[in-house]
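Here is the structure we will look at.
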Amino acid sequence: MRILAFGASNSRNSLNKSLAYHAADLFKAEVLPTAEIELLDLNDYEMPIYSIDRETENGIPDKAHAFYAAIGNADGLIISFAEHNGSYTAAFKNSLDWMTRIDRRIYQAKPLLLLSTSPGQGGGANVMKTALTGAAHFGAEVVGSLSVKSFHQSFDLENRTLVDPDLKNDLLAALKALGNGSSG
Ligand SMILES: Cc1cc2nc3c(=O)[nH]c(=O)nc-3n(C[C@H](O)[C@H](O)[C@H](O)COP(=O)(O)O)c2cc1C
């Protein structure tokens with residue numbers, strides 16, 4: 001089983017990237033040791049801001065095709081969503097907009113575990129709501145979701161691991177569902 005994990009943020013030191021990568025580590029360590037893990041960095045897929053005029057003049061960027069193909073090559077997805085002003089980061093929304101010009105169902109019927117985190121008490125709950133609402137429209141099979149509030153209290157960045165045992169158990173349960181390809 002091939003798992004693709006990324007943070008939906010273009011911050012070099014993205015908290016969500018750390019959380020997504022930790023979830024992927026945990027998947028391999030505790031759920032499926034034979035899993036192949038691909039860690040994607042959104043910065044490697046930076047594209048011009050979507051506009052119908054750019055699309056008409058230059059077509060869809062190669063990076064949009066490459067991102068869509070990376071999703072297509074996976075058997076399961078772990079995405080941790082950063083929240084900017086209550087919604088997706090501009091960087092992720094831009095990638096999403098371009099990819100929907102290839103196929104509205106950008107998630108290509110893959111099992112998807114949605115995560116979010118922020119330094120505050122919200123834990124990215126607003127972007128999580130947006131991402132969950134859109135997931136079916138964009139062709140995902142949602143297997144679970146988890147928002148981690150107060151990131152710096154909940155996560156040990158140096159060792160890239162959740163420190164709260166209850167949260168870690170919740171994450172593990174969601175990862176097992178990802179391994180089964182279902183929310184059950
Ligand atoms: C422009 C901007 C808007 C933000 N808006 C929110 C917000 O609506 N809710 C929230 O919880 N945090 C917000 N934050 C703080 C982010 O949660 C914080 O920067 C976090 O580190 C982003 O995740 P990342 O590190 O994965 O990029 C905002 C940060 C920026 C720079």
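Here, each number is a calculation from the coordinates, and none is a lab measurement. This is a predicted model, so every value here is computed, not measured. Neighbour counts are summed over all protein chains in view; Cβ atoms, including those assigned to glycine, are modelled from backbone coordinates with ideal geometry.
Results for (1) free of Cβ contacts under 8 Å to residues at least 12 places away in the same chain; (2) under 14 Å from F81 (Cβ atoms); (3) of a type outside the set (S, T, N, Q); (4) not in a helix (DSSP H, G or I), shown as yes or no for each residue.
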{"position": "S116", "(1), (2), (3), (4)": "no, yes, no, yes"}
{"position": "G122", "(1), (2), (3), (4)": "no, yes, yes, yes"}
{"position": "K129", "(1), (2), (3), (4)": "yes, yes, yes, no"}
{"position": "S145", "(1), (2), (3), (4)": "no, yes, no, yes"}
{"position": "D170", "(1), (2), (3), (4)": "no, no, yes, no"}
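Could we say that Y50 is assigned to a loop (DSSP other than H, G, I, E, B), hydroxyl-bearing (S, T, Y) and away from the ligand (no atom under 16 Å from the Cβ) here? Considered against the rule, which asks whether it is assigned to a loop (DSSP other than H, G, I, E, B), hydroxyl-bearing (S, T, Y) and away from the ligand (no atom under 16 Å from the Cβ), Y50 comes out as yes.
Quick one: how many residues across segment 147-160 are outside any helix (DSSP H, G or I) and closer than 20 Å to F81 by Cβ?
So the answer is 7.
Consider D41 carefully, then state whether it is of a type in the set (D, E, K, R), within 16 Å of the ligand (Cβ to nearest atom) and surrounded by fewer than 17 Cβ atoms within 10 Å (Cβ to Cβ). Answer is yes for this residue. Being more than 16 Å from the ligand (Cβ to nearest atom) and either part of a strand (DSSP E or B) or among the basic types (K, R) (or both) is the requirement here; does R12 meet it? Against the criterion (more than 16 Å from the ligand (Cβ to nearest atom) and either part of a strand (DSSP E or B) or among the basic types (K, R) (or both)), R12 does not qualify.
Of the residues A24, A29, A5, the single one that is assigned to a strand (DSSP E or B) and either more than 19 Å from T100 (Cα to Cα) or within 16 Å of the ligand (Cβ to nearest atom) (or both) is A5.
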